[in-house]
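Since the structure comes first, as structure tokens, the remarks are kept for the end.
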Amino acid sequence: MDKETADKVRGMVRRVTLKNTSDDGQTQRASIETAEGIWHDDVEILQAYGVASHAPEDGAVGIAIAVGGDQGDVVVLPVGNPSQRLGGLPPGAVAIYNGRGDRVVAYPDGRIDIQAGASVTTTVGGVSMTVSAAGVAIVGGTVTHNGRDIGDTHRHVDVVAGPDLTGPPQP
């Protein structure tokens, strides 16, 4: 193989550093440094369907693949769906999402936002809690507030028949 062909083959796959990442539009784009001082601008960053991230630029690296070459050695990159991509994330944020608008976004300030069109269910052991437009449903376990049982088995003190109020739930 001559030097020119060998250089082209070596350049097909490279580790790159990123800067100027843009998370707007159907695809995320960035400037990449493919070799010392050699930059390529507006390069598409492929992301797997349902997973979005906006990596902080401090130390951001990736693998760049120059399309073309040996058909006997095919590599499949993550499958994406640009028309369904969740964009507009701030640097450091990570999200999982679907095309219906349901998503979980972890922000760099420690906040996690969950948005669902129908409901969100959390299950731990034999206890589950579902939040939906109809309200909150808890199955199993006990429900407490400030150490007091407020579930279906709690008891009140100082119960008086009629329109009077009861005492607080017992701990």
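Select from the range 17-62 the residues that are of a type in the set (A, V, I, L, M), farther than 24 Å from ASN81 by Cβ and either part of a loop (DSSP other than H, G, I, E, B) or modelled with pLDDT under 85 (or both) and list them in ascending order.
Result: ALA35, VAL61.
If LEU89 meets every condition in (1) open to solvent by less than 50 Å² (accessible area, probe 1.4 Å); (2) part of a strand (DSSP E or B); (3) of a type outside the set (Gly, Ala, Ser); (4) closer than 28 Å to GLY25 by Cβ apart from one, which number is that one?
Checking LEU89 against (1) open to solvent by less than 50 Å² (accessible area, probe 1.4 Å); (2) part of a strand (DSSP E or B); (3) of a type outside the set (Gly, Ala, Ser); (4) closer than 28 Å to GLY25 by Cβ, the one that fails is (2).
Of the residues that sit in the range 92-107 and are touching a residue at least 24 places away in the same chain (Cβ under 8 Å) and over 9 Å from the mean Cα position of the chain (by Cα), which one is surrounded by the most Cβ atoms within 10 Å (Cβ to Cβ)?
Top of the filtered list is GLY92.
Give the residues of the range 126-171 that are within 29 Å of GLN115 (Cα to Cα), of a type in the set (Ser, Thr, Tyr) and either assigned to a loop (DSSP other than H, G, I, E, B) or modelled with pLDDT under 90 (or both), sorted by residue number.
Selection gives THR142, THR144.
Taking the criterion of being over 40 Å from the mean Cα position of the chain (by Cα), open to solvent by less than 90 Å² (accessible area, probe 1.4 Å) and more than 30 Å from GLY92 (Cβ to Cβ), would at least one residue in the range 149-159 satisfy it?
Yes, that holds for at least one residue.
The values are calculated or read from the model by the stated rules, or taken from the named source; none is laboratory data. Only a predicted model underlies this, so the values are computations on that prediction, with no experimental measurement involved. Neighbour counts are summed over all protein chains in view; Cβ atoms, including those assigned to glycine, are modelled from backbone coordinates with ideal geometry. When the accessible area is computed, the model is the full protein with side chains, heavy atoms only, and any ligands, DNA or RNA have been set aside. Shrake-Rupley method; radii C 1.70, N 1.55, O 1.52, S 1.80 Å.
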